[in-house]
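The next block holds one structure in the form of structure tokens; read it before the comments.
The values are calculated or read from the model by the stated rules, or taken from the named source; none is laboratory data. These figures come from a predicted structure and were not determined experimentally. As a convention, Cβ positions derive from the backbone with ideal geometry for all residues, glycine included, and neighbour counts pool all protein chains shown.
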Amino acid sequence: MTIDNVLLCGDPQQPSEYMYESASFLESEGVSFSQIDWKADVSAERFREVTMEMESRGPAAYDTSIIEENLDGVDALVVHKAPVSKSVVEAGEDLQVVGAARGGVENVDIEAARANDVTVLHAPGRNRNAVSDYAVSLLLAKVREIPRHTKALHEGEWSQEFDPSRLPRDIEALTVGIVGFGNIGQQVARRLDGFGPDLLAYDPYQDDETFAERGVEGVELPELLERADAVTLHARLTDETANLLGTEEFAQMRDSAILVNSARGGLVDEDALVDALRDGEIAGAALDVFETEPLPEDHPFLDMENVVLSPHTAGSTRDAVTNGPRIVAEGLADILADEEPTHRVD
């Protein structure tokens, strides 16, 4: 397969200039680049809404004319969250490869690509360092109550606790349960390993060898919930995992346990979580993702002192932005070398 011309289609979250920064090494292989940006004039807040909608509406629901008008002579199209609909695929007469510089491919019509012999690449794990760093940070912040201490000090209160019964435990003394043991879950385990807690993991798609290699004990979800002092979620949101944690699951957790969620809000039944926090079934939560985003102004979480909140920012680092197009570009390099790309969507 020959790839001479690559169109980089950026967006407000991943501008094409950063795509080029990551993929420009292919110029040494004779590849030429052109750049456009989809929804470039849309605010970051509105673009987040658009991309969340796309997961349910699909790529065909959006205006793709700016992409189609720039496909003449293009061999490979690299997008972030811009839609690659059937009309886009069919408009690219020379199109051989579509690369989504993200883990999911909800914005790509995979069936249309297959029907037109177009290879689809993606970039799983592009933000695994960003999200795993943040998940561990949330866990530490909640266990040691760093946000609460910060707030108190800003308000002029110098508050110290000396009663051992009210003091937090060392991280080494805890058992941490990791739900979902893919790219991010494994990186969370790697980071926590240095603190020395006992690590449990639940993932029905992983084998015992993977758990053993990463130094964690693989268990079923009920056992994890019963044993863990902290539960951190790293599963994808699917029909199977929607509301994975609800009333029954919170009842299984220790009343001293905390929940960390930096994956997807839909993994948790929020009404059940609010009840569990209010009733003392669990001790607290640290949340970066929610069922409705932005978080409604009247949401109960906002009035709860035992909840740490942040605005879906776990995966937002500069390196996470540049890793996606770099991974796709490495796949293009494999194709140019007549090798099978690692992250091809079957």
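Just need a number here: residues in region 306-346 that are in contact with an Asp or Glu (Cβ under 6 Å, 6 or more places away or on another chain), under 24 Å from Ala135 (Cβ atoms) and surrounded by 19 or more Cβ atoms within 10 Å (Cβ to Cβ).
Total meeting the criteria: 1.
Taking the residues in region 174-209 that are in a helix (DSSP H, G or I) and touching an Asp or Glu at 6+ places or on another chain (Cβ under 8 Å) as candidates, determine which candidate is surrounded by the fewest Cβ atoms within 10 Å (Cβ to Cβ).
So, considering only residues that are in a helix (DSSP H, G or I) and touching an Asp or Glu at 6+ places or on another chain (Cβ under 8 Å), the one surrounded by the fewest Cβ atoms within 10 Å (Cβ to Cβ) is Arg191.
Answer yes or no: is there a residue in region 246-262 that is surrounded by fewer than 22 Cβ atoms within 10 Å (Cβ to Cβ), under 22 Å from the mean Cα position of the chain (by Cα), outside the structural domain of Arg48 (by TED's automatic domain parsing) and not hydroxyl-bearing (Ser, Thr, Tyr).
Yes, region 246-262 contains at least one residue that is surrounded by fewer than 22 Cβ atoms within 10 Å (Cβ to Cβ), under 22 Å from the mean Cα position of the chain (by Cα), outside the structural domain of Arg48 (by TED's automatic domain parsing) and not hydroxyl-bearing (Ser, Thr, Tyr).
Those residues that are out of contact with any helix residue (DSSP H, G or I) (no Cβ under 9 Å at 6 or more places or on another chain) and loosely packed, with under 14 Cβ neighbours inside 10 Å, I need them from region 5-31; list them, please.
Selection gives Glu17, Glu27, Ser28.
Which one of these is in contact (Cβ under 8 Å) with a residue 60 or more places away in the chain, under 28 Å from Asp334 (Cβ atoms), part of a helix (DSSP H, G or I) and of a type in the set (Gly, Ala, Ser): Ser22, Ser28?
Among Ser22, Ser28, only Ser22 is in contact (Cβ under 8 Å) with a residue 60 or more places away in the chain, under 28 Å from Asp334 (Cβ atoms), part of a helix (DSSP H, G or I) and of a type in the set (Gly, Ala, Ser).
Please find, within region 265-282, the residue that is farthest from Gly246 (Cα to Cα) out of those that are among the hydrophobic types (A, V, I, L, M, F, W, C) and in a helix (DSSP H, G or I).
Leu277
Criterion first (under 21 Å from Asp133 (Cα atoms), of a type in the set (D, E, K, R) and out of contact with any strand residue (DSSP E or B) (no Cβ under 8 Å at 6 or more places or on another chain)) does Arg214 satisfy it? Please lay out each step first, then the result.
Details: under 21 Å from Asp133 (Cα atoms): yes; of a type in the set (D, E, K, R): yes; out of contact with any strand residue (DSSP E or B) (no Cβ under 8 Å at 6 or more places or on another chain): no.
When the stated conditions are applied, Arg214 does not pass them.
Determine whether region 283-305 contains at least one residue that is assigned by TED's automatic domain parsing to the domain that holds Leu167, surrounded by fewer than 18 Cβ atoms within 10 Å (Cβ to Cβ), among the aliphatic types (A, V, I, L, M) and in a helix (DSSP H, G or I).
For region 283-305, residues assigned by TED's automatic domain parsing to the domain that holds Leu167, surrounded by fewer than 18 Cβ atoms within 10 Å (Cβ to Cβ), among the aliphatic types (A, V, I, L, M) and in a helix (DSSP H, G or I): present.
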